[in-house]
1. What about L250, is it touching a Ser or Thr at 6+ places or on another chain (Cβ under 8 Å) and part of a helix (DSSP H, G or I)?
2. Which number in (1) within 28 Å of K36 (Cβ to Cβ); (2) outside any loop (DSSP other than H, G, I, E, B) marks the one condition that A242 misses?
3. Could you pull out the residue among H181, H171 that is touching a strand residue (DSSP E or B) at 6+ places or on another chain (Cβ under 8 Å) and of a type outside the set (A, V, I, L, M)?
4. Would you be able to say whether some residue in the stretch 135-145 is under 21 Å from Y249 (Cα atoms) and either of a type in the set (A, V, I, L, M, F, W, C) or in contact with a Gly (Cβ under 8 Å, 6 or more places away or on another chain) (or both)?
5. Any idea how many residues of the stretch 227-253 are among the hydrophobic types (A, V, I, L, M, F, W, C) and either within 20 Å of the chain's Cα centre (by Cα) or closer than 18 Å to G53 by Cβ (or both)?
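The values are calculated or read from the model by the stated rules, or taken from the named source; none is laboratory data. Please read all numbers here as calculations on a predicted model, not as lab measurements. Here the Cβ positions follow ideal geometry from the backbone for every residue, glycine too, while neighbour counts run over all protein chains shown.
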Amino acid sequence: MFQFDIWLVIGVAPCTFTKYRKTMRKTGILKSSLSKKYAMALTGLFLCLFLVGHLLGNLQLFIEGEAGRVAFNEYAKFMTSNPLIKIMSYITYASILFHVIDGFLLTIANKKARPVKYVVEKGSRNSSWASRNMALLGTALLVFIVTHMMNFWWVMHFGDMPVHKGVKDLHTITTHFFNPHENAMAGAATLLYVFAMVSMSIHLHHGFQSAFKSLGLDHPKYNSTVKFMGKAFSLVIPSAFASIPIFLYLTQA
Ligand code: HEM
């Protein structure tokens with residue numbers, strides 16, 4: 001009997017211990033994946049708010065002539081000098097960083113957790129193209145954001161800026177960027193912006209609804225409303241953004 005107990009302990013205990021460790025490891029991964037998803041959702045929704053604000057400001061580029069130039073420059077001055085907006089800007093930069101880093105870590109964790117593709121995985125039957133390519137779309141957006149900030153943000157903050165009526169003339173920098181008579185790459189830049197906005201639209205189409213799910217805010221009663229809001233947001237915001245470089249290019253060509 002004693003011998004049997006010993007063998008039971010020797011045999012079962014390591015098994016149970018290994019099982020316990022595996023379970024702990026799995027729940028640990030699960031926990032960290034869940035907190036990463038939570039952070040992705042929060043930073044993603046904050047960036048959606050940023051997009052709305054940024055778009056409203058940029059829509060002033062549609063105002064033609066001197067009035068548009070003054071309005072946009074005053075807006076840019078306010079955005080770079082108001083202390084509250086400055087804090088929002090730092091939160092925006094931090095959100096972009098967190099969203100990108102967490103996104104990469106989650107993609108790597110998902111790949112490690114499932115090194116071999118499910119046999120039953122049949123692409124669009126199990127998930128949408130957008131959901132399977134969020135990292136790719138996000139990377140395209142990251143490349144866009146970095147080049148975009150180098151072209152405008154860097155020039156505004158650290159570059160040699162022209163001045164108009166005592167204010168930094170960001171309007172001229174922006175409009176000349178999409179003007180084929182001022183910038184030989186204006187056509188390519190316009191195309192890059194349109195391509196980036198298509199990527200953003202697909203990224204948002206999945207990301208918007210997914211964020212609500214990750215935050216545990218999915219409820220059968222509200223799911224169709226969230227789905228509709230996601231679809232509308234992912235269509236309206238990127239289209240409005242894309243229309244700015246197209247408008248600036250065509251009206252200055
Ligand atoms: C397509 C039309 C767009 C135009 C004309 C535009 C224009 C500008 C300009 C002029 C600035 C510099 C403003 C400043 O430093 O105060 C800026 C900053 C910035 N833009 Fe855009 N932008 C566009 C779209 C986007 C999109 C789609 C994103 C994100 C995906 C984006 C992300 C940013 C960020 C993160 C900054 C820095 C903001 C800050 O310092 O608070 N922009 N943009």
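1. Working: touching a Ser or Thr at 6+ places or on another chain (Cβ under 8 Å): no; part of a helix (DSSP H, G or I): yes.
Spelling it out, it is not the case that L250 is touching a Ser or Thr at 6+ places or on another chain (Cβ under 8 Å) and part of a helix (DSSP H, G or I).
2. (1)
3. H171
4. Yes - at least one qualifying residue is present in the stretch 135-145.
5. Count: 11.
Listed here are the residues, each with its yes/no results for (1) more than 16 Å from the ligand (Cβ to nearest atom); (2) at pLDDT below 95; (3) buried (at least 17 other Cβ atoms within 10 Å of the Cβ); (4) outside any helix (DSSP H, G or I).
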site	(1), (2), (3), (4)
L34	yes, yes, no, no
K77	no, no, no, no
K86	no, no, no, no
I91	no, no, no, no
A94	no, no, no, no
L106	yes, yes, yes, no
